[in-house]
1. Check D188, D208 and return the single one that is part of a helix (DSSP H, G or I), among the charged types (D, E, K, R) and either surrounded by 13 or more Cβ atoms within 10 Å (Cβ to Cβ) or touching a strand residue (DSSP E or B) at 6+ places or on another chain (Cβ under 8 Å) (or both).
2. Just to be sure before I move on: is L373 touching a helix residue (DSSP H, G or I) at 6+ places or on another chain (Cβ under 6 Å) and either modelled with pLDDT of 95 or more or surrounded by fewer than 20 Cβ atoms within 10 Å (Cβ to Cβ) (or both) in the structure I sent?
3. Residues that are crowded, with 17+ Cβ neighbours inside 10 Å, under 29 Å from N251 (Cβ atoms) and out of contact with any Phe, Trp or Tyr (no Cβ under 8 Å at 6 or more places or on another chain): does the stretch 22-31 have at least one?
4. Show me the helices (runs of 4 or more DSSP H) entirely contained within the stretch 345-419 in which 1 or more residues are basic (K, R).
5. Among the numbered conditions (1) charged (D, E, K, R); (2) crowded, with 19+ Cβ neighbours inside 10 Å; (3) at pLDDT below 95, tell me where E292 comes up short.
6. Test T318 against the criterion of being of a type outside the set (D, E), surrounded by fewer than 21 Cβ atoms within 10 Å (Cβ to Cβ) and in contact (Cβ under 8 Å) with a residue 24 or more places away in the chain, and give yes or no.
7. With the condition kept exactly as written, say whether any residue in the stretch 239-247 is more than 30 Å from K76 (Cα to Cα) and crowded, with 18+ Cβ neighbours inside 10 Å.
Amino acid sequence: MRRVRFAPSPTGPLHVGGLRTALFNYLFTKNSGGDFILRIEDTDKKREVPGAEQYIVDALAWCGITPDEGPKTGGKLGPYRQSERNHLYEEKIKILVNSGQAYYAFDSEEELNLYREDSEKKGETFIYNWKNRKSLKNSLSLDKESVEKLLEKGEKHVIRFLSPESQEVKTVDVIRGESVIDSSLLDDKILIKANGTPTYHFANVVDDHLMKITHVIRGEEWLPSLALHVLLYDAFGWEKPIFAHLPLILNPNGKGKLSKRSGEKGGFPVFPIDWREDTKLKGFRESGILPEGLVNYLATLGWSPEEGLEILTLRKLTELFLLENVVSSAANFDFEKLKWYNHKHIQTTESFKLAELLESLNKNAGEIIKEKLADAITLVKERANTVSDLWGLVSYLFFDPISYDEKSLKKISKDGLEKIVSEIISQCKKRDGTSGFVENLTSWGDEIGIGAGQIMMTTRVILTGSLTGVGVQEIVSFIGLESVGRRAEKFKTGI
């Protein structure tokens, strides 16, 4: 059975790139009924941001990406926070040290900086590996007794991996194929830091093995680390998972990785939901994007379904997703395209649900009876790109215009304007219902020589304040004759 994990660090709000990684993991494993694990990689306490873990959980839940195992849901192979797994790392690092595949290094940062400076003067780059490790201060160059004494007195040290001196390291990536790296070019990466906590590389490999992860699907920024991870699996004698490194999501102009700054500059968010901790950052949810729209769009960034299929639910995406069809080339983020997907999903969302969402985004909408708001949304939702757009499309159905669009006024300022307004007021007073209101109004116009177009435009401006909106008869039927008459009276006083 497939087992995948999404392993973010709680160092801030979840970026849309991270969300896409979580989504691809989820789609891949659920395609075969496997498990999706959420693991919080919180070993770097200095960079940890309060509220970030809960934000990650909430953002995934909003998108419908539900972990089968994780910090909140539990599971048999936990704990699911790395900070709670130190006993496991201590156990596993001993295996590597005792087998001679990892070693203690006592070099101070000051000493290492001197080596770096010396290398720079020679036009070289200092790399701590097979070339110099036996001449540095570590358990490879020191005798056993000296090492034991240093450890006993608590000498500050790290534990490094013993990279092979000359070995072809073969790596296989589902998306990018096979590659071979010369191990002599690798440095002896630190596995355990001076404070006793594991580095990302060590904890990542140990956790993936112990949690029985079958496929590691992550961003391409981790591709340079793949050779080291392969060597670590080999050092332990563990079976390696299948690796896949996803392409980057770029800024809209294709220059650079999608960032918060580019979102601010372009006027769009790059986070799933609002972040309200140390700084205020707007999310897609609060911008009126449906989770269905966001998920559908993100799935197309690096992957595409069968030809002709575009508007897909999370369930349908799960059925269609194939990791082998993910491309290696980066994808540009296009907010307009996202809004197009969102527009399509708005059409298939129940109006009552849209009314609830709109109430959470707009204070004025919250003052309207929900059922009535839903009825109004039914009339206009085919025109909305975001949930937030809905209020601008329905507000005139609940509130009289407070001003009139100047361009619209110019178009209706013709002979017969006062007659049309007076006739609207007259019909509102003498009629019992709204049915046939527009038909009677245009028939009256035919009798006195005023065209139906002029009548419709004038009525629309009176009712909405501009030449936009749904059909005039739909507006009249929705707001009722009393509102129509009141709006016409108000307009008349301003002529």
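The values are calculated or read from the model by the stated rules, or taken from the named source; none is laboratory data. Quick caveat, the model's predicted, so the values are computed rather than measured. Reconstructed Cβ throughout: ideal geometry from the backbone, glycine too, with neighbour counts over all protein chains shown.
1. Details: D188 fails: part of a helix (DSSP H, G or I).
Residue meeting the stated conditions: D208.
2. Working: touching a helix residue (DSSP H, G or I) at 6+ places or on another chain (Cβ under 6 Å): yes; either modelled with pLDDT of 95 or more or surrounded by fewer than 20 Cβ atoms within 10 Å (Cβ to Cβ) (or both): yes.
Taking the combined requirement at face value, the residue satisfies it.
3. The initial filter retains those residues of the stretch 22-31 that are crowded, with 17+ Cβ neighbours inside 10 Å, namely 22-30.
Keeping just the survivors that are under 29 Å from N251 (Cβ atoms) gives 22-28.
Restricting the remaining residues to those that are out of contact with any Phe, Trp or Tyr (no Cβ under 8 Å at 6 or more places or on another chain) gives 23.
Yes; the residues of the stretch 22-31 include at least one that is crowded, with 17+ Cβ neighbours inside 10 Å, under 29 Å from N251 (Cβ atoms) and out of contact with any Phe, Trp or Tyr (no Cβ under 8 Å at 6 or more places or on another chain).
4. Numbers: elements: 351-361, 370-380, 389-394, 406-412.
Answer list for the stretch 345-419: 351-361, 370-380, 406-412.
5. (3)
6. So T318 fits the description; yes.
7. Here is the first cut: in the stretch 239-247, the ones more than 30 Å from K76 (Cα to Cα) are 247.
Filter again for crowded, with 18+ Cβ neighbours inside 10 Å, leaving 247.
Within the stretch 239-247 (the criterion being more than 30 Å from K76 (Cα to Cα) and crowded, with 18+ Cβ neighbours inside 10 Å), the answer is yes, since at least one residue qualifies.
Residue-by-condition table, conditions (1) assigned to a loop (DSSP other than H, G, I, E, B); (2) over 24 Å from the mean Cα position of the chain (by Cα):
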| position | (1), (2) |
| --- | --- |
| E221 | no, no |
| K240 | yes, yes |
| H245 | no, no |
| G254 | yes, no |
| S262 | no, no |
| L298 | no, no |
| S304 | yes, no |
